[in-house]
Amino acid sequence: MRIMTTVTALETQAGQVLDQSYAQFKQAQLALSKEQIFANAAQIFTVGEIAAATRQYLFDEEIAQQVIKLQDQVLPTMYQQGQSGEFLKLNFTGNDIRWLLGLPRTHHRQRISK
């Protein structure tokens, strides 16, 4: 859960890019036949989950910057990355989102000295 409630301009811009990419994805799906939509059901679900999870991590400046850099290709890029790694999850972590965006994972665990 996020403690800070201040939304930065970078986070807002990344959210807009993410929304635009998702809107374009949905529009492309709506242009397909019912049979094609049914055949794409897993992809449609996965892209929706990736978009929702990514939105939760836009406070991470590197994630937000990469979303903005990729523009309309952000969700197709993330989906392709996931497919290449046979990656399908329902609960995405910040490191999962970073990996889907091609960013290095971060390590937030603190070691307790004995």
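Evaluating Gln65 against the criteria (1) open to solvent by 50 Å² or more (accessible area, probe 1.4 Å); (2) at pLDDT below 95 leaves one unmet condition, (2).
For Ala52, the criteria (1) surrounded by fewer than 13 Cβ atoms within 10 Å (Cβ to Cβ); (2) more than 11 Å from the chain's Cα centre (by Cα) hold in every case but one, which is (2).
The values are calculated or read from the model by the stated rules, or taken from the named source; none is laboratory data. The model shown is predicted, which means the values in this text are computed figures rather than measured ones. Cβ atoms come from the backbone with ideal geometry, glycine included; neighbour counts cover every protein chain shown. What goes into the accessible areas is simple: the full protein's heavy atoms, side chains included, and nothing from ligands, DNA or RNA. Shrake-Rupley method; radii C 1.70, N 1.55, O 1.52, S 1.80 Å.
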